[in-house]
Amino acid sequence: MKPTIHEVNAISNIKTTKTAFVFILLTLMAFACKKEDTTSLTKELAKSRWQKTQILISADSILDTIPTIEVFSPSCKSDNIWSFDANNNTFTLDEGASKCDVSDPQIKDQGIIEEQNNGSALRVASDGTNEIWEIESRSASSFRVSYFARNASNKLVKFRVTFNKI
């Protein structure tokens with residue numbers, strides 16, 4: 001027995017509805033599974049140039065219980081500019097406009113950066129630097145790091161350094 005015109009139309013409508021449903025379902029799944037875009041630490045830092053605006057040193061070395069001492073840098077150091085390159089995982093420390101010694105090269109230091117612990121730390125290494133910066137805070141205009149290093153008296157102390165975007 002041949003199907004009636006109404007039955008053919010009903011079957012056609014069911015197929016169209018199923019196709020539309022599958023298309024909508026696949027579209028929703030494609031957008032629902034999209035991961036949130038998160039920019040890495042190095043990519044965020046590479047968007048700007050940075051200057052150290054505050055340096056604090058713990059007075060009791062690694063225990064870090066005594067209030068910190070603020071270190072004031074001379075203007076020939078406070079205008080130094082840090083730049084980060086996320087594509088090459090490198091950093092450059094530019095001497096800035098004023099130099100402590102006029103014979104100093106314009107590029108004071110350069111080396112590698114390596115993001116660690118899902119962006120909560122940054123390894124900064126070169127001939128003159130080898131530190132693991134723990135990221136204490138980060139915003140669009142500044143970030144603060146802490147790391148252990150030797151002070152001018154060769155004593156191991158904890159440094160806390162704030163960088164501001166320039």
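The values are calculated or read from the model by the stated rules, or taken from the named source; none is laboratory data. As the structure is a computational prediction, the values presented were derived from the model and not from experiment. Positions of Cβ are generated from backbone atoms using ideal geometry, with glycine treated the same way; all protein chains shown enter the neighbour counts.
A few points about this structure:
- Residues satisfying the stated conditions in the range 124-137, i.e. surrounded by 10 or more Cβ atoms within 10 Å (Cβ to Cβ) and in a loop (DSSP other than H, G, I, E, B): 126, 128, 129
- Here residue 165 fulfils each of the conditions (1) farther than 18 Å from residue 80 by Cα; (2) surrounded by fewer than 17 Cβ atoms within 10 Å (Cβ to Cβ) apart from (1).
- Flag for residue 107 being of a type in the set (Val, Ile, Thr), surrounded by 12 or more Cβ atoms within 10 Å (Cβ to Cβ) and either assigned by TED's automatic domain parsing to the domain that holds residue 71 or in contact with a Gly (Cβ under 8 Å, 6 or more places away or on another chain) (or both): no
- Pairs meeting the criteria (first residue in the range 136-160 and touching a residue at least 24 places away in the same chain (Cβ under 8 Å), second residue part of a loop (DSSP other than H, G, I, E, B) and of a type in the set (Asp, Glu), beta carbons under 9 Å, at least 6 apart or on different chains) are 157/60; 157/64; 158/64.
- Taken together, 149, 140, 97 contain a single residue that is assigned to a strand (DSSP E or B), among the hydrophobic types (A, V, I, L, M, F, W, C) and surrounded by fewer than 17 Cβ atoms within 10 Å (Cβ to Cβ), which is 149.
- On the stretch given as the range 100-123, residues that are under 19 Å from residue 78 (Cα atoms) and in a strand (DSSP E or B) total 4.
- For residue 1, the requirement of being modelled with pLDDT of 65 or more and not assigned by TED's automatic domain parsing to the domain that holds residue 160 is not met.
- Within the range 21-76, considering residues that are in a helix (DSSP H, G or I), of a type in the set (Ser, Thr, Tyr) and modelled with pLDDT under 85, the one surrounded by the most Cβ atoms within 10 Å (Cβ to Cβ): 61
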